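Beneath this line is the structure, given in C-alpha cells, with notes to follow.
Throughout, read-outs are computed from the coordinates displayed, never taken from laboratory work. Please read all numbers here as calculations on a predicted model, not as lab measurements. Counting neighbours? That spans all protein chains shown, and the Cβs are built from the backbone with ideal geometry, glycine included.
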Amino acid sequence: MIRFCLERFAQLVMVIFFVSTLTFLLLRAAPGDPAYLLLAAHDVPPSEEALVALREELGLTENVWKQYGQWITDAFTGQWGTSYVSKKPVAEELAGRIPATFELAAAGLIVMVMVTFALGISTSIYSKGWLNRIGKIMALFGSSIPSFWLGFLLIYFFSVRYGWLPSMGRGTLQHLVLPAVTLGLGLGTVYARVLRTSMLGILNQQFVTAAKARGFSGRRILVFQVFKHALLPIVTMLGTSFAFMLCGSIIVESIFSWPGLGRYIVEAIHMRDYPVIQGYVILTSFLFVFVHFAVDVIYALFDPRLRVR
Amino acid sequence: MKKNTHREFTVVLWAVIAGFLLLTGCTGESEEGSAHTAADKKAVLAFPWSPASLDPHGSDSWEMMRSGTAETLVKLNEELTPVPWLAKEWKQENENTWIFQLEEGVTFHNGNAMDAASVKKSLLRSLKQGQTAKDLLQIESIEVLSENELKIVTAKPNAALIAHLADPSTIIADVASLEGEAGYPAFTGAFQIKQFTRDESLVAERYKDYWGTPALLSEITIKFIPEGTTRLMALQSGDVDAATDIPIDNIAVLEKDERFRVLTAPSLRTHMMLFNLNSPLVNNQNLRKAIDLSIPRAEIVDSIMAGYGTEAGGPFPEVLPFGKVEKKNQAESVGKWMEEEGWQLNADGIWEKQGRLFEVTMLTFPQRPELTVMAEIIQNELLEKGIKAEIRQVENIDEALANDEWDLSMYSMLTAHTGDPQYFLNIFYQSDSASNVSHYASSSLDRLIDQLNQTVDSAKRNQLALQIQEVINTDLPQSFIVYPETVFAARKAVKGFTPHPIEYYYIHSQIDVNE
C-alpha cells in the first residue's frame, strides 16, 4: 500500500510538471493580450501609454523563460501568483470557489448515483417489461440531450412555469436541485444501462445459482452478490465523472449562475488571466489524480482479488 | 430469486429517491424576490457582469458606479451634458486651471466627511492606480484651497476635463477605506455596500446620512447573471425585479407578458465596419465608397436589431449633440465607383481588373454574435453587387487587427462614454495612435482634433466634432452601420428604473417598488 501511495505521489508530481509546462507554453502561444483585454473591458479603446504601463505592471514584458522559471518555482511552492483581474492571490481565489463546485459536484453525483442505481437495478430485474423500455428511452435522451438545453428546460418548467424552485444562484438546498439534476441526470441514465447489463450478466453466473441452492434469500443475493459485483465497472465511471464535476462544470455553472470553478475559469480564459488559468490547471490535475487514487482504493475494497495482487 | 423481493427492493429504492427530491424541492421558503412592506422595500436586479474586486480605481470602476453606491464630481444628464454632482460648481481660471466648489455636508459611508483634502487624495489615487484616469484628466497638480475648494491644474489644455470627471475611474472614495482588508469601500452614494460575493451578488443598503434625496428603497440586491437567457428567466420566474441587457431575440416574449415593461435607452455604442487602409484593395477611397454603399443599414436595423437601433451616419450616436451628422445623399451606384477605378464585371458578375477578382477578407468575432450575423448579411449584399467577401471568425479581434491579413472587419466601440468626443477621436483617429486600427492617417484631421483639444466653448466643440466627422465620412476609414439600443425589462411594480444612455446610472435613490 505504501509503495502504491508513493507511486501515485510520483505520478502526481510528474503530471503537475508536464501539465503546468504545457499550459504555460500554450498560453503564451495563444492569441490575446491580457493588458488590452483588461483596459478595453468596457469597449473603450485604451491608449498606448496605458497598454505599455499595464504590460509592465503585469510582468508581461519580461523574458518568457524568466517567466517560466518563476512559474515552475511558484507551482511547486504553492505560490500561484496574483490574478491580473482581481489583484488577489490565485490560491485564495480558487480556494474560495471550491466549496461551491464541491457542493454541486456532490449533489450531481448523488443524483447520478440514484438514477443509475434505481434505473439500473429495476430494469435488470424487470429486464423485458415497460420499465426497461422507459430506461432505454431515458438513456437515449440522457446521452443525446445537451446539458444547456436540459438546464433551460428545467428552469422553464420548475421556475418560470410553476415557480417551485429558484431559477439561478446558490444559497439554499432548493437552489441546488436544478443544477444537480442537470448535471447528474443524463449520465445517470447512461450508467444505468451499464449497471443493468452488468447485473444481467452476473444473475446468470454459477455462483448466483450456487447461492440460491444454498438457500440464501433473494434480497441477500441481490445486494451482497449480484449488485456488489456489478458495481465494479460503475465505480470507475462514477469516479471519472466525479473528477470532471470537481473541476467545475462550465456549462451548468454558467446556465445557473453557480459561482464555482467552472464559471470562474471561463472568465479567466476570456480575460487571459494567466496566473488563474495556470493555478486552475494545477488544482484540477491534483484533483484528477486524487480522485483516481480514491477510485483505486474503493476498487480494492470492493474486490478482494485486487488486494491479494 | 423471489419476484416480490425484487419488487420490494425496487420500490424502496424509488421511494428513497422521491423522498430526497421532495425534501430538496419543498424545504423552506425561497428568500429571493422582493419584500414590499412600506418601510422596508427591497428590489432585486440582474446585471450581466460581476466586479472582480470593489476597488473603484481599477478595472471595476464601472461596476462600482452601476451599484448606485459611488459618485463622481460631475454627472452627465440625459442629454449627456455635464452637471454638478459632488462638485456643486466650477470655473476655469485660465486654459489649464480649474477651481471646483464641493458640496457641503457630504459624508462617506464610514461617517468621515468628504472635503477638498479627501477628494484630492481620492483623485490622486485614481491617477496612480490606472492610466485611464491619467489619459482622461491629464492633471499636473491638485491643490486644496479651502475645506470645500479645490484647484486642478492640467499639464496641457484639456477642454474635456469636466466631462471626463464623470468617468467612473474618478469615483470619489475615502482612500483610507480602500487600504487594508477590513470592511467595504466608503463612497458617497445613496446606497452603501452591505455584502459582496464575487460572481453571486452585491447587496447595497440605504445610507441614512446621504447628502441628497434619501433612497426610497431600504435595500437593493444586484445578482450577477452573465447568461442572457438565464437573466430573462430569472425575471420571468420572479427571482429578480428587473434585468438589464436582455437579448434581442427574447424581447418579444416579454412584450407579450403584461407583468413586465420593456425599456430601451439609446446606447453610446456604434457597430461599424473597419477598412484596413494598409490593404491594397481597400486603401482606395472609391472602392471603400462602393463597399459602404452596399451595406443594407435599414435591413440590419429591422432584422438583426429587431428595430432596437438606428442607422448610423457617423462614429457618434444621434443622442449626442455632436452626433447628428448630416447624411449625404448617396445616389451614386456601386458600379460608378468601381468603373471609375477601372474594374469591369466579369461573366460571373464579379468585379475584375487585370485578371484579379475583387475578393476581400472580412473579420468578425464571437463575443458580439450580432456582428457575425451582420457580416453575413453584408457578405450577401456585396456578392449581389459583384464583390466577393470571405468571412473569417477570429477569437481575439484586436490581435487579428494588429496583423495586416484583413481587408474589412466588424467592430463595436463605445465612442463617447463620457458624453464628449475628445478621448475617442484622439485614441482612434490620431495618426500616431496605437489604437488607430484602420491605419488612417490624415494631417488635416490631426490638426482638427488638436484644435478640439484646445477649445473650451461647448458649442464650438460640438461644431468642431461635426466637422471632424465630415472629414471621416469623406475619407471613409470606417463604415458606420448601426447605433444599438440598450434593452432592459422590469416588473411593472418597479418605478424609476428608467433608461439612461449611460449604463452606470441605472441605480439611483429614486427607484421604488409599488405593488
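Here the simple spin-label model places points 7 Å from the Cα toward Cβ, and for residue B:373 and residue B:456 these points are separated by 4.9 nm. Rounded if a/c is under 1.5, else prolate if a/b is larger than b/c, else oblate: which is chain B, with a ≥ b ≥ c the root eigenvalues of its Cα gyration tensor? It comes out oblate by the Cα gyration axes. In chain A, the longest principal axis of the Cα atoms and the axis of helix A:274-302 are about 20 degrees apart. How about the range B:216-300: which GluC sites (Glu not before Pro) there are in a DSSP loop, with at most 11 other Cβ atoms within 10 Å of their Cβ? The qualifying sites are B:258. When the charge dipole of the range B:269-485 is built from unit charges on Cβ atoms (+1 for Lys and Arg, -1 for Asp and Glu) and taken about the Cα centre, the candidate among B:462, B:443, B:386 whose Cα reaches farthest toward its positive end is B:462.
Rounded to the nearest 20, the size of the Cβ-charge dipole of the range B:269-485 about its Cα centre is 440 debye, with Lys and Arg at +1 and Asp and Glu at -1.
Note on B:433-440: average number of Cβ atoms from other chains within 10 Å of each residue's Cβ is 3.
Set Lys and Arg Cβ to +1 and Asp and Glu Cβ to -1, take the dipole of the protein assembly as shown about its Cα centre, and tell me which of B:114, B:489, A:178 lies farthest positive. After comparing all options, I get A:178. Set against the 2.2 N^0.38 Å expectation for a compact globular protein, the protein assembly as shown has a Cα radius of gyration ratio of 1.10. With a cut-off of 10 Å between beta carbons, the residues surrounding residue B:201 carry a summed charge of +1, where Lys and Arg count +1 and Asp and Glu -1. Taking Cβ atoms as reference points and 11 Å as the exclusive limit, the residues near residue B:429 contribute a net charge of -3, counting Lys and Arg as +1 and Asp and Glu as -1.
In this label model, residue A:269 and residue B:249 are separated by 2.0 nm, measuring between points 7 Å along each Cα→Cβ vector. Ordering B:148-156, B:425-433 by mean Cβ neighbour count within 10 Å, with the highest value first, yields B:425-433, B:148-156. Between residue A:197 and residue A:130, the simple spin-label model (points 7 angstrom out along Cα→Cβ) gives 2.7 nm. The lysines within cross-link reach of residue B:289, meaning a Cα-to-Cα straight distance under 21 Å and a gap of 8 or more places when in the same chain, are B:324, B:327, B:328, B:336, B:353, B:385, B:388. Comparing mean-square fluctuations of A:193, A:97, A:219 from a GNM of chain A with C-alpha springs under 10 Å, the top value falls on A:219. When the alpha carbon coordinates of the range B:361-438 are projected onto the principal axes, the ranges are 38, 25, 25 Å, largest first.
Taking other residues whose beta carbon is less than 13 angstrom from the beta carbon of residue B:299, and scoring Lys, Arg as +1 and Asp, Glu as -1, yields -4. Judged by the ratio a/c of the largest to the smallest principal axis of the C-alpha gyration tensor, the range A:57-111 counts as prolate, that ratio being 1.5 or greater while a/b is larger than b/c. Cross-link partners of residue B:151 among lysines, defined as those whose alpha carbon lies under 27 angstrom from its own and excluding same-chain residues fewer than eight positions apart: B:75, B:88, B:91, B:120, B:121, B:128, B:134, B:460.
When the range B:269-485 is described by a simple charge dipole with +1 on each Lys and Arg Cβ and -1 on each Asp and Glu Cβ, the residue from B:367, B:427, B:287 located farthest towards its positive end is B:427. In chain A, the longest principal axis of the Cα atoms and the axis of helix A:130-144 are about 10 degrees apart. 222 nm [θ] for chain B, helices only, -39500 (n - 2.57) per DSSP H run of 4+, per residue, to 500? After summing the helix terms and dividing by residue count, I get -9000 deg cm²/dmol.
Across peptide A:152-165, the average count of Cβ atoms from other chains found within 10 Å of a residue's Cβ is 4.
The angle between the Cα long axis of helix A:90-125 and the longest principal axis of the Cα atoms of chain A comes to about 20 degrees, rounded to the nearest 10. Under the convention that each Lys and Arg Cβ holds +1 and each Asp and Glu Cβ holds -1, the size of the dipole of the protein assembly as shown around its Cα centre is about 5360 debye. Only four residue types carry charge here, +1 at the Cβ of Lys and Arg and -1 at the Cβ of Asp and Glu. Report the dipole size of chain B about the Cα centre in Debye, rounded to the nearest 20. The dipole of chain B has a size of about 740 debye. Going by a ≥ b ≥ c, the root eigenvalues of the Cα gyration tensor, does chain A fall in the rounded group (a/c under 1.5), the prolate group (a/b larger than b/c) or the oblate group? Oblate is the answer for chain A, as a/c is 1.5 or above yet b/c matches or exceeds a/b.
Estimated from the Cβ-Cβ distance and a Förster radius of 45 angstrom, the FRET efficiency linking residue A:4 and residue B:405 is about 0.25. Of the complete DSSP H runs in chain B, those spanning 15 angstrom or more by Cα along the long axis with a mean Kyte-Doolittle score not below -1.0 are B:3-26, B:116-129, B:369-384, B:443-454, B:458-475.
Considering only A:123, A:240, A:77, the mean-square fluctuation computed in a Gaussian network model of chain A, springs between alpha carbons under 10 angstrom, is largest for A:77.
Each distinct pair of alpha carbons in the range B:269-485 adds a 1/r term; the inverse of their mean, the Kirkwood radius, is 17.8 Å.
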